[in-house]
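Colleague: My questions all concern the structure below.
Just so it is clear, none of the values below were taken in a lab; they were calculated from the coordinates. Keep in mind the model is a prediction, meaning the values are calculated, not measured. Here Cβ is always computed from backbone atoms with ideal geometry, including for glycine, and neighbour counts include all displayed protein chains.
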Amino acid sequence: MAATALVELEGHIVDSLMLAKVLDIILDVGADYVVEEFRLGKTQQDMSFVRVQVTAKNDHALDALLEELQVHGVNRLVLVETDAVTLPASQDGVFPSGFCVTTNLVTRCGLVGYGGACRIRKWTVGCAWLARGKASVLTRCQCIVS
């Protein structure tokens, strides 16, 4: 049975020919892809972004392909339908007890009903949802980089 995953690639992926290489790898192993979103950087300083749906013949083939693509900067987008867990910190710059870093990949976290998600960059230590006013309405996410 066919297996599908959403992946993302970001950076200077056009001028470095990384996007072409990644798409060639997908086709070379007999898989297929659909480009779902593409944003081209306008200047030499701007990065480009692509989100691709990858389909392989089965879960094993998909896992092997994703492992090969990760070497080239491709990250699997895992959609989880649960809220991020939030805990109060004892003071600014201190994480709650039990906090640990689990990935060096680009990650997103969100809280249902608070408008949007926090896009955590590579090598980010954590993120803090910032409250505004007496009602503690969460207004934005601040990434904390090591």
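Colleague: Quick check: anything in region 64-79 surrounded by fewer than 16 Cβ atoms within 10 Å (Cβ to Cβ) and in contact with a Ser or Thr (Cβ under 7 Å, 6 or more places away or on another chain)?
Modeller: No.
Colleague: For Val7, indicate whether it is among the aliphatic types (A, V, I, L, M) and exposed (fewer than 15 other Cβ atoms within 10 Å of the Cβ).
Modeller: The answer is no for Val7.
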